[in-house]
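Read the figures in this text as sums done on the coordinates, not as results from a lab. Since we're looking at a predicted model, the values are computed, not measured. Here the Cβ positions follow ideal geometry from the backbone for every residue, glycine too, while neighbour counts run over all protein chains shown.
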Amino acid sequence: MHDSNGFDWIIPAETASRCCQDFLRDTVSGAGFDQVVIGLSGGIDSAVAAALAVRALGPDHVRGVFLPYRTSHPSSLADAKAVAENLGIATETHDISAMADALLVDVPADALLRRGNVMARCRMIVLYDISARDRSLVLGTGNRTETLLGYATLHGDAAFALNPLGDLYKQEVRALAEYLDLPDVVLSKAPSADLWQDQTDEDELGYTYAEADKVLHHMIDGQLGSRQLLALGFPTDLVADVRRRVRTQAFKWQPVPYARIENRPMPDAAWLAGED
């Protein structure tokens with residue numbers, strides 16, 4: 001896909017869709033499962049992940065879960081329901097207010113990040129309980145942009161069994177949403193985790209996902225340094241903040257470090273795929 005605004009490098013939606021569907025089929029069946037469960041927020045990422053799962057596994061093998069908190073915007077639930085209806089998948093609703101409030105008793109009302117993290121983790125508790133009930137895998141929804149910037153909650157939205165979007169930049173997810181013919185509402189709304197009133201991702205970041213995608217592509221994929229990025233015309237503050245986030249938030253996506261004992265190997269992919 002060529003884009004005159006600097007996105008001529010993004011993966012064509014048809015190619016991305018085929019790759020993600022193959023990944024979903026192979027990974028789910030390889031793990032001995034045949035269905036997935038996903039939290040539907042009404043946003044573009046969960047909508048695209050669910051749509052890919054429906055195409056890969058069939059609508060009868062995908063369950064959508066609505067997980068509102070009492071301060072969630074009513075439109076979030078309405079948009080999530082519109083996505084589920086569009087995809088023809090079974091759904092259920094679990095209000096996390098009572099669960100979250102029990103854990104938020106001693107958390108100040110203005111500690112928005114702490115409160116948001118609790119809500120995100122409560123939602124994942126519900127999803128994993130449903131996965132145990134139905135013997136299904138929890139489907140992740142985070143994209144490459146969010147991952148690199150650390151815009152995710154450990155053991156919250158960053159917890160999942162598999163994720164079809166993890167290597168796709170936000171602009172590639174947007175292209176996929178159009179290609180998959182998802183409801184217009186998920187394409188037009190501002191990205192938000194809906195963790196507190198009027199919260200939006202881009203307001204918190206201080207720049208748009210489109211701006212971040214361009215920098216990240218050249219910085220990570222192209223392996224350009226700060227001087228080279230500035231020479232391309234990117235603002236100094238934008239380059240500095242993106243680089244800072246990638247470095248300081250890497251612990252969220254890197255393998256969890258643990259002490260390794262000498263001469264005690266772990267099975268590799270070839271061993272796991274081999275015969276006894």
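Fewest Cβ neighbours within 10 Å first, please rank Tyr258, Tyr169, Tyr128 accordingly.
By the 10 Å Cβ count, ascending, the order reads Tyr258, Tyr128, Tyr169.
Once the mean 1/r over all distinct Cα pairs of the stretch 1-73 is inverted, what Kirkwood radius in angstroms do you read off?
14.0 Å
What is the distance in Å between the Cα centres of the stretch 151-187 and the stretch 222-276?
20 Å
Scan around Leu137 for amide H atoms under 5 Å from its own, H built in the peptide plane at 1.01 Å from N, and keep only partners 5 or more places away or cross-chain.
For Leu137, whose amide H was placed from the backbone, the distant partners under 5 Å are Gln35, Val36, Val37.
Each residue of the stretch 247-252 in turn: what ³J(HN,Hα) in whole Hz from Karplus with 6.51, -1.76, 1.60 and θ = phi - 60°, glycine and Pro shown as x?
Computed from phi, the couplings for the stretch 247-252 are 6, 7, 9, 4, 4, 6 Hz.
HN-Hα J couplings of the stretch 172-179 from phi, Karplus 6.51/-1.76/1.60, θ = phi - 60°, integer Hz, Gly and Pro as x?
Result, ordered by residue: 6, 5, 4, 4, 5, 4, 5, 4 Hz.
Under 5 Å between amide hydrogens, which residues at least 5 positions from Thr93 or on another chain qualify, with H placed 1.01 Å from N in the peptide plane?
Sorted by chain and number, the residues that satisfy this are Phe66.
Run the simple label-point estimate for Asp60 and Tyr207 please: 7 Å along Cα→C-beta, distance reported in nm.
Here the modelled spin labels are 4.9 nm apart.
To the nearest µm²/s, what D does Stokes-Einstein give for the stretch 13-205 at 10 °C and 1.306 mPa s, using the Kirkwood radius over alpha carbon pairs as Rh? Present the calculation step by step, with values, prior to reporting the outcome.
Values: Rh = 16.6 Å.
Stokes-Einstein gives a translational diffusion coefficient of 96 µm²/s.
Could you compute the FRET efficiency for Asp106 and Asp237, with r as their C-beta to C-beta distance and R0 at 41 Å, rounded to 0.05?
The calculated FRET efficiency here is 0.65.
Given the options Pro255, Pro235, Pro59, state which has the largest fluctuation in a GNM of the chain using a 10 Å cut-off (strictly under) for Cα springs.
The residue that fluctuates most here is Pro255.
Among Ala158, Ala259, Ala51, determine the one that fluctuates most according to a GNM of the chain built with springs between C-alpha atoms less than 10 Å apart.
Ala259
Estimate the FRET efficiency between Arg25 and Ala259 by the formula 1/(1 + (r/R0)^6), using the beta-carbon distance for r and 35 Å for R0, to the nearest 0.05. Walk me through the numbers on the way to the answer.
On the way: r = 37 Å, r/R0 = 1.05.
Using R0 = 35 Å, I get an efficiency of 0.45.
Working out 0.36 nm times the residue gap between Glu178 and Arg114, then minus their Cα-Cα distance, what length gain in nm do you get to one decimal?
Length gained, Glu178 through Arg114: 19.6 nm.
What lysines sit close enough to Lys81 to cross-link, taking a C-alpha to C-alpha distance under 23 Å and skipping anything fewer than 8 places away on the same chain?
Lys170, Lys189
Let me have the 222 nm mean residue ellipticity of the chain computed from DSSP H runs of 4+ only, each contributing -39500 (n - 2.57), with the sum over all residues rounded to the nearest 500.
Value at 222 nm, helices only: -14500 deg cm²/dmol.
Normalised by the empirical 2.2 N^0.38 Å for globular proteins, what value does the Cα Rg of the stretch 4-125 take?
For the stretch 4-125, the normalised Cα radius of gyration comes out at 1.26.
Taking the Cα centre of the chain as origin, sum charge times position over the Cβ atoms of Lys and Arg (+1) and Asp and Glu (-1), and report the length of that vector in debye to the nearest 20. Mind showing how you got there, number by number?
Values: 25 positive and 39 negative charges, 137 e Å.
So the dipole magnitude of the chain works out to roughly 660 debye.
Remind me, relative contact order of the chain in percent, using alpha carbon pairs under 8 angstrom and six or more residues apart? Show your work: numbers first, answer last.
On the way: 388 pairs, mean separation 54.1, N = 276.
This gives 20 percent for the chain.
Taking springs between alpha-carbon atoms closer than 10 angstrom, which of Asp34, Asp110, Asp213 fluctuates most in the Gaussian network model of the chain?
Asp110
Got the relative contact order for the stretch 58-137 handy, in percent, Cα pairs under 8 Å and 6 or more residues apart?
Once divided by the residue count of the stretch 58-137, the mean separation gives 31 percent.
Which ³J(HN,Hα) values in Hz, rounded to whole numbers, follow from the phi angles of the stretch 28-33 under the Karplus curve 6.51 cos²θ - 1.76 cosθ + 1.60, where θ = phi - 60° and Gly and Pro get x?
3J(HN,Hα) across the stretch 28-33, in whole Hz: 5, 5, x, 8, x, 10.
Taking every pair of distinct Cα atoms and averaging 1/r, then inverting, what Kirkwood hydrodynamic radius in Å comes out for the stretch 119-182? Can you show the working numbers first?
On the way: mean 1/r = 0.0793 Å⁻¹.
Taking every pair of different Cα atoms in the stretch 119-182, averaging 1/r and inverting gives 12.6 Å.
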